[in-house]
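To start, the structure under review is shown below, and the notes come after it.
Derivation of every value follows stated rules applied to the coordinates shown; laboratory data play no part. For clarity, every value in this text was computed on a predicted model and none was experimentally measured. All Cβ positions, glycine included, derive from the backbone under ideal geometry; neighbour counts span all protein chains shown.
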Amino acid sequence: MVLPSEDDAVSIQKGKNPGEPHIITVNCPDKTGLSCDICWTILDFGLCITKGDVSTDGRWCYIVLWVIPHASTGIVRWSDLKNRLVMVCPTCSTSFYLNQPYPCPKASQVYLITFCCLDRKGLLHDVTQVLCELQLTIQRVKVTTTPDGRVLDLFFVTDNLDLLDTKQRKDETCEQLYCVLGDSCVSCELKLAGNQNSASSLSPGVAEELFRCELSSSESEQNCANKLSPDMTKLKNISVITDNSLSPSHTLLSIQCFDHKGLLYDILRTLKDCNVQVSYGRFCPVKKGARDLDLFIQQKNGDKIVDPEKQNTLCKALKNEMLHPLRVITVNRGPDTELLVANPVELSGKGRPRVFYDVTFALKCLEMCVFSAEIGRHSDADREWEVYRFLLDENCKFQLSNVRVRNHIVDRVRRTLMGW
């Protein structure tokens, strides 16, 4: 038997005219959560999936996705995207045909980037954009502003290309950072990081407000959707329905919901964490702000989902993740105002990509300066979150003590995160 090469596993067909979607085709051996991992990578490159088809027999999968860049996305390096997708796909090795388990990916080395320079509006986002373009994933960050107007930034990153241990990759990274920091840069250093505690300490009251996902009896799905986006008031409520009558071996999961950035990823990561496999799926284009999905699913053991309690649990989890994929609030931190963003972490330990990028982009558009920022992990109700904390600078054009101003900041950040 002739095995296809790894390069043949992924192909990208560019749109014929400007504005037309690119078509990504993945044809490779299957593995649990593969569709989710592919959507994570596409989202990490700042791309939106306009429609898609997924098909697998449990051993081999065929995925076709139509993608376009989001408005805030910079230059997309399509060749880099293809290489990253190839890295996600299982190799066409003999172990696949012998039904051997796939090896667990090794943990990436964490590197520390430290720099000091004069502060300015939008600096934090500009640095973040450079790191994203270099395919460096921000794991943690610690940003502080000194009384003399300088910033000391510590970025803990992993390299998606696994090349940061080479001199060429290090020099390229420092060179790009020097370009964006300008002449005010005092120092820039990159080195291997030691063990760091990433726990985030939140007060019980703040944690309860930030992580509450259950809908109260007085809070309907439509009210939640209206809070997420006033533009969605004309749409129907989120609908998640299971049907076992159409297939002898699969459960049909029909979803109608509001569209947002990373929607397909949110759905697939929820199914992945619930040990549910997608055998066939169709992701339809947006119609008046709404999305329709039909997914034929199975439990990990190959059985249909016939237990009503399991069906209700799955549908409830999907609804919550589609209504509250990310949490955004402002709180008082002494006399100052702190912006908090919570990002759910997969059971595999991976959080949604580009959250820090989107939040800093929204704050830059608002001409907000950040006095300090940090990223940590927080466990709540048997679930782990990435928590992004931004201490906002009071010396700006906004009166941060004003409730309407705070709500405006929260709304702008949420809309950027959701792609509205």
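Helix 34-44 versus the longest principal axis of the chain: what is the Cα-based angle in degrees, 0 to 90, to the nearest 10?
30
Sort out the exposed loop GluC sites (Glu not before Pro) in the chain (DSSP loop, at most 12 other Cβ within 10 Å) and tell me the longest stretch that has none.
Longest site-free region, per DSSP loop and neighbour criteria: 1-213.
Of all the C-alpha pairs in the stretch 17-64, what % are more than 17 Å from each other?
That tail contains 35 percent of the Cα-Cα pairs.
When you have a sec, figure out the Kirkwood radius of the stretch 277-420 from all distinct Cα pair distances and drop it here in Å to one decimal?
Computed over Cα pairs of the stretch 277-420, the Kirkwood hydrodynamic radius comes out at 17.8 Å.
Tell me, what is a quarter of the convex hull surface for the C-alpha atoms of the stretch 111-195, in nm² with one decimal?
5.4
Can you run the Rg to Rh ratio on the stretch 340-388? Use alpha carbon positions and the Kirkwood inverse-distance Rh.
Ratio of gyration radius to Kirkwood radius for the stretch 340-388: 1.04.
Counting only other residues whose beta carbon sits under 13 Å from that of T242, what net charge do I get with K and R as +1, D and E as -1?
Residues near T242 contribute 0 overall.
Regarding the stretch 246-311, what whole-number volume in Å³ per residue does the convex hull of its Cα atoms give?
92
Build a GNM of the chain with springs between Cα atoms under 10 Å: which of P344, P18, P69 gets the top mean-square fluctuation?
With Cα springs under 10 Å in the chain, the top fluctuation among P344, P18, P69 is at P18.
For helix 403-418, report the angle its Cα long axis makes with the longest principal axis of the Cα atoms of the chain; keep it between 0 and 90° and round to the nearest 10°.
That helix lies at roughly 40 degrees to the long axis.
For the stretch 330-348 and the stretch 25-81, what is the separation of their C-alpha centers, rounded to whole Å?
That distance is 29 Å.
Go ahead and estimate [θ] at 222 nm for the chain from helices alone: -39,500 (n - 2.57) per DSSP H run with n ≥ 4, summed, over the residue count, rounded to 500.
It lands at -9000 deg cm²/dmol.
What Kirkwood radius, in Å to one decimal, follows from the Cα pairs of the stretch 349-420?
Averaging 1/r across every pair of different Cα atoms and inverting gives 13.4 Å.
For the Cα atoms of the chain, what angle does the longest principal axis make with the long axis of helix 78-88, in degrees from 0 to 90, nearest 10?
The helix 78-88 is inclined about 60 degrees to the chain.
If I take the Cα coordinates of the chain and project them onto the principal axes, what are the three extents in Å, biggest first?
Taking max minus min along each principal axis of the Cα atoms, the chain gives 69, 57, 45 Å.
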